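Student: I'd like to ask some things about the structure below.
The values are calculated or read from the model by the stated rules, or taken from the named source; none is laboratory data. In this text, all values refer to a predicted model and were calculated from it rather than measured experimentally. Heads up, the Cβs are rebuilt from the backbone with ideal geometry, glycines too, and the neighbour counts pull from every protein chain shown. These accessible areas exclude ligands, DNA and RNA; they are computed on the full protein's heavy atoms, side chains included. Shrake-Rupley method; radii C 1.70, N 1.55, O 1.52, S 1.80 Å.
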Amino acid sequence: MPLSSKHLLGLQGVPAEDIQLILDTATTFREVLDRPIKKVPTLQGKTIVNLFFENSTRTRISFELAQKRLSADTVNFTTSSSSTKKGETFKDTVRNIEAMKIDMIIVRHESAGVPQYLTQISEANIINAGDGRHEHPTQALLDMYSIKEKTGDLKGLKVCIVGDIAHSRVALSNIYGLISMGAKVSLCGPSTMMPMGIENLGVKIYHNIEKAIHENDVLNVLRIQLERKAGTTIPSVREYHNYFGITSERIERFNRDILILHPGPINRGVELSSEVADGPYQIILDQVTNGVAIRMAVLYLLGTRP
Amino acid sequence: MDILLKSMNLLDPGSKVNEVADLHIKNGVIHKIGDIDSSEFDEENIFEFSGKYCVPGLFDMHVHLREPGREDKETVVTGCNSSAAGGFTGIACMPNTTPAIDSAEVVNLILQKAKDHLVDVYPVGAVSLERKGEALAPIAELVEAGAVAFSDDGVAVKTSAILRNAMEYAGMYNAPIIEHCEDPSLDDGAMNESFVSTQLGLPGIPTVAEDIIVARDILMAEYTGQRIHIAHISSKNSINLVREAKAKGIKVTAEITPHHFTLTDDSVKTYDTNYKMNPPLRSNEDVKAGIEGLKDGTIDCIASDHAPHKVEEKEREFIYAPNGITGLETQLGITLNELVHKGILSIEDVVYKLSVNPRKILNIPVPGIKVGENANLTIIDDKEIWTVDLSKTKSKSKNSPFDKRLLTGKAIAVINNKQMFCDNEFKQI
């Protein structure tokens with residue numbers, strides 16, 4: 001059964017069967033990653049462009065590795081080497097790349113809506129690698145995969161997303177994906193980091209991290225963007241850590257069975273203490289490994305879709 | 001030249017005219033009203049307008065002509081052509097040009113370019129030099145050159161001190177301050193802040209950013225006893241503030257755009273940048289409040305905020321696309337379609353909102369339909385069904401979300417300055 005859409009723009013409205021198919025397919029590819037020869041010929045002859053208008057190291061490398069392991073031909077386009085700075089319009093840039101006969105575009109952009117816009121000007125399969133504060137579907141998929149790997153099932157699981165929800169692209173994708181897979185999703189963070197009306201998505205909101213730790217099975221902890229002007233959304237990083245930071249003491253006191261995820265890069269001593277970041281409750285590096293498998297699954301399913 | 005307009009519904013609230021009659025226009029002046037024998041007129045000078053409304057020429061008090069500075073988007077002449085095509089015989093143009101309308105020279109340039117046109121152009125001067133909100137523009141000199149109001153449109157007047165002085169200074173000439181109400185510390189967004197912006201992942205502009213400046217300006221108008229006009233009002237709370245201020249006798253007036261009483265932020269869901277404007281499209285509740293405000297007179301007039309942009313500027317990433325849409329040619333059609341045909345306003349109300357009130361706010365004489373007056377008229381067919389076709393617009397730009405929209409009612413002719421625009425062409429009369 002193929003995926004129901006030609007593109008992966010986000011997880012909003014994506015049927016549970018599609019998510020299940022991606023997760024199942026990733027299991028197969030995850031096994032490939034443990035082989036001595038980590039390469040399959042599945043996407044031989046397919047050309048994929050990684051169109052990154054915004055800095056990203058891990059997501060781009062993860063996609064690139066996934067493409068190489070599927071034997072696709074890949075090219076990277078990043079803003080530093082782009083012509084957008086020379087005055088070429090975004091549309092012309094895309095049309096030029098399109099004219100080089102490519103099959104798939106992986107796009108990361110600081111403006112929400114760019115992946116959707118690409119579907120209007122390109123014939124290629126579009127995969128969203130993060131648009132503004134909108135969605136980052138492959139991150140949510142790899143998070144779900146990693147949780148499932150540890151817990152066996154997502155259904156009925158209580159997952160709390162912690163941090164700056166308003167400026168996050170990871171939060172929305174996780175909310176949509178987890179809810180459609182039957183998990184109970186909640187959010188925890190200061191009220192200034194909660195976007196308007198988010199509770200309408202059916203998520204509970206905590207402003208007390210200890211309560212969130214106590215009442216959930218999984219915490220998916222977002223990065224606090226230190227580059228944001230200090231004192232505008234939170235008084236200080238120190239205050240954030242004191243009131244919302246996840247520490248060993250808090251975990252040991254409130255929930256020793258908790259599972260901690262973090263999409264990276266981590267700010268040690270801010271959202272997670274170093275002990276937690278390296279400790280027994282987290283699966284941060286598993287997420288990174290699983291990210292390659294998830295991206296292989298998405299590329300494979302879209303690239304071979306009839 | 002003598003022309004005869006046959007059997008129209010004459011509607012002029014100012015002169016209390018409301019009758020079916022013919023109109024004889026001689027050398028641009030209304031010569032005779034009544035039952036007129038057509039045999040004395042050349043065939044080509046007789047216009048059969050049976051069942052059409054003849055009203056005082058429509059006026060749009062919020063237009064961006066882009067000249068000087070961005071003649072690639074619009075010029076005074078193309079903007080005037082678009083106005084005529086939309087049924088307008090007069091417009092006020094906003095000062096956010098390059099350079100801004102902050103010197104007599106720029107006013108003169110615009111008036112010079114508009115000199116021979118059917119459409120009358122009334123420049124709005126900048127409140128502050130370069131619209132920076134730091135030093136007052138030469139308001140007296142601008143009034144003398146022909147500016148009819150003052151605004152830093154695009155942004156709110158930066159400080160309360162400059163606003164106060166501008167109000168008092170412009171008050172000497174009875175010129176209103178037209179305010180773009182938006183608190184700059186809350187304006188870091190690309191659409192209305194709402195559950196929709198949350199779902200779309202776009203940064204939001206909250207309605208309170210507008211309300212704060214509306215409240216400030218009303219308080220300042222009360223304190224100084226001067227006039228304030230709220231441009232493109234979009235939030236329910238702002239409309240309530242204006243309603244309360246009017247009840248207290250404070251000299252505040254307000255306009256609303258057709259898109260703000262027609263569309264909601266739901267439209268942004270396609271990420272189509274033709275739905276990006278400032279103020280942004282708001283919630284359904286705000287739209288309803290706008291309609292209520294039009295109905296009870298809280299909102300005095302309808303204005304397009306015609307804001308032309310090049311295709312290549314609009315066809316880009318949502319957060320980077322410029323704000324604004326064109327509106328001169330769709331404004332009347334949307335007003336008739338959405339307000340008159342839905343029973344919210346009468347045709348007579350529309351004449352107030354689109355002709356009488358904007359001129360009164362700007363102290364411009366309202367043309368009358370009576371013998372001896374210069375013919376300044378718009379002929380409206382409120383029943384014609386038509387489809388908006390941007391490929392045929394007179395504007396240099398095509399950034400409108402209303403393309404292909406089916407509307408009932410439009411202007412079929414305008415007359416002013418001894419010229420007539422009818423059947424897509426200008427002619428001397």
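Student: Of the lysine pairs in segment A:137-287, how many meet both conditions: Cα atoms under 22 Å apart, and a spacing of 8 or more in sequence or different chains?
Tutor: Total qualifying Lys-Lys pairs in segment A:137-287 comes to 13.
Student: Roughly what would the spin-label model give for A:L285 and A:V75, points 7 Å off Cα along C-beta, in nm?
Tutor: The answer from the label model is 3.6 nm.
Student: Using 25 Å as the Cα-Cα cut-off, could you pick out the over-long pairs in B:K394/B:K427; B:K113/B:K392; B:K113/B:K396; B:K73/B:K288; B:K276/B:K398; B:K52/B:K394?
Tutor: From B:K394/B:K427; B:K113/B:K392; B:K113/B:K396; B:K73/B:K288; B:K276/B:K398; B:K52/B:K394, over 25 Å: B:K73/B:K288.
Student: Of the residues A:L118, A:L141, A:L226, which exhibits the maximal mean-square fluctuation in a Gaussian network model of chain A defined by a 10 Å Cα contact cut-off?
Tutor: A:L226
Student: Suppose R0 equals 51 Å; then what is the FRET efficiency for B:V20 and A:T192 from their Cβ-Cβ distance, rounded to the nearest 0.05?
Tutor: FRET efficiency, B:V20 to A:T192: 0.20.
Student: I'd like the Karplus ³J(HN,Hα) series for segment B:309-318: coefficients 6.51, -1.76, 1.60, θ = phi - 60°, whole numbers in Hz, and an x wherever there's a Gly or Pro.
Tutor: For segment B:309-318, the Karplus-derived couplings read 9, 5, 4, 5, 7, 7, 7, 7, 4, 3 Hz, x marking Gly and Pro.
Student: What value, in deg cm²/dmol to 500, does the helix sum -39500 (n - 2.57) over DSSP H runs of n ≥ 4 give at 222 nm once divided by the residues of chain A?
Tutor: Dividing the helical sum by the residues of chain A leaves -12000 deg cm²/dmol.
Student: Please state the charge dipole magnitude for the protein assembly as shown, taken about the Cα centre, from unit charges on C-beta atoms (+1 on K and R, -1 on D and E), reported in debye and rounded to the nearest 20.
Tutor: The dipole of the protein assembly as shown has a size of about 2040 debye.
Student: Taking every residue in A:107-113, how many Cβ atoms of other protein chains lie within 10 Å of its Cβ, on average?
Tutor: Mean shielding by partner chains, rounded to a whole number: 6.
Student: Okay, moving on. Which angle from 0 to 90°, rounded to the nearest 10, does the C-alpha axis of helix B:104-114 make with the longest principal axis of chain B?
Tutor: Rounded to the nearest ten degrees, it is 40.
Student: Need the per-residue list for segment B:183-208: every residue with at least 50 Å² less accessible surface in the complex of protein chains than in the chain by itself, probe 1.4 Å, sorted by number.
Tutor: Residues of segment B:183-208 that lose at least 50 Å² of accessible area once the other chains are added: B:F195, B:T198, B:Q199, B:G201.
Student: Highest GNM mean-square fluctuation, chain B, Cα pairs closer than 10 Å: which of B:F88, B:F47, B:F261?
Tutor: Of B:F88, B:F47, B:F261, the most mobile in the Gaussian network model is B:F47.
Student: Sort A:282-289, A:209-216, A:1-8 by packing, meaning the average of other beta carbons within 10 Å per residue, with the highest value first.
Tutor: Those peptides, ordered most packed to least, come out A:209-216, A:282-289, A:1-8.
Student: Using a 1.4 angstrom probe on heavy atoms only, work out the carbon and sulfur share of the accessible area of segment A:51-144 in %.
Tutor: After summing per-atom areas, the C and S share lands at 45 percent.
Student: Name the residues of segment B:280-319 whose accessible area falls by at least 50 Å² when all protein chains are present instead of the chain alone, probe 1.4 Å?
Tutor: B:E315, B:E317
Student: Taking all protein chains as present, what is the carbon and sulfur share of the accessible area of chain B, in % to the nearest whole number, probe 1.4 Å?
Tutor: About 48 percent, which is the carbon plus sulfur part of the accessible surface.
Student: In whole Å, how far is the Cα centre of segment A:261-306 from that of segment B:23-59?
Tutor: Each part reduced to its Cα centre gives a spacing of 77 Å.
Student: Where in segment B:1-62 are there trypsin sites (Lys or Arg not before Pro) that are in a DSSP coil and have at most 16 other Cβ atoms within 10 angstrom of their Cβ? List each step's numbers first, then the result.
Tutor: On the way: sites: B:K6, B:K16, B:K26, B:K32, B:K52; in loops: B:K16, B:K52.
Qualifying residues, ordered by number: B:K16.
Student: I'd like the antiparallel share, as a percent to the nearest 5, of DSSP beta bridges with both residues in chain A.
Tutor: Once the DSSP bridges in chain A are tallied, antiparallel ones form about 5 percent.
Student: Do any trypsin sites (Lys or Arg not before Pro) in segment B:359-429 lie in a loop, going by DSSP, with at most 12 other beta-carbon atoms within 10 Å of their beta carbon, and if so which?
Tutor: Here the trypsin sites (Lys or Arg not before Pro) that fit, given the DSSP loop and packing criteria, are B:K404.
Student: Assuming 0.36 nm per residue, please report the length gained on full extension of the stretch A:Q44 to A:D278 beyond their Cα-Cα distance.
Tutor: Result: 80.4 nm gained on full extension.
Student: Before rounding to the nearest 500, sum -39500 (n - 2.57) across all DSSP H runs of length at least 4 in chain B and divide by the residue total; then give [θ] at 222 nm in deg cm²/dmol.
Tutor: Result for chain B, helices only: -7000 deg cm²/dmol.
Student: For the residue pair B:N174 and A:S4, what label-to-label distance in nm results when each label sits 7 Å from Cα along the Cα-to-beta-carbon direction?
Tutor: It works out to 6.5 nm between the two label points.
Student: Sticking with this structure for a sec: Considering only the other residues whose Cβ falls under 13 Å of the Cβ of B:A307, what net charge follows from Lys and Arg at +1 and Asp and Glu at -1?
Tutor: It works out to a net charge of +3.
Student: Please work out the average accessible area per residue across segment B:194-265, using the 1.4 Å probe convention, and give it in Å².
Tutor: Computed with neighbouring chains in place, this is 30 Å² per residue.
Student: What aspartates and glutamates does B:K370 reach when the alpha-carbon gap must be under 15 Å and sequence neighbours fewer than 8 apart in one chain are set aside?
Tutor: By straight Cα distance, B:K370 reaches B:D12, B:E19, B:D22, B:D35.
Student: Right, something else. Using protein heavy atoms only (no ligands, DNA or RNA), what is the total accessible area buried between A and B, 1.4 Å probe, nearest 100 Å²? Walk me through the numbers before you get to the answer.
Tutor: Values: alone 13610 and 16550 Å², together 28490 Å².
That pair of chains buries around 1700 Å² in total.
Student: Same structure, new question: Counting only DSSP beta bridges with both residues in segment A:75-211, tell me the antiparallel percent, nearest 5.
Tutor: Working: 1 of 14 bridges.
In segment A:75-211, DSSP labels about 5 percent of beta bridges as antiparallel.
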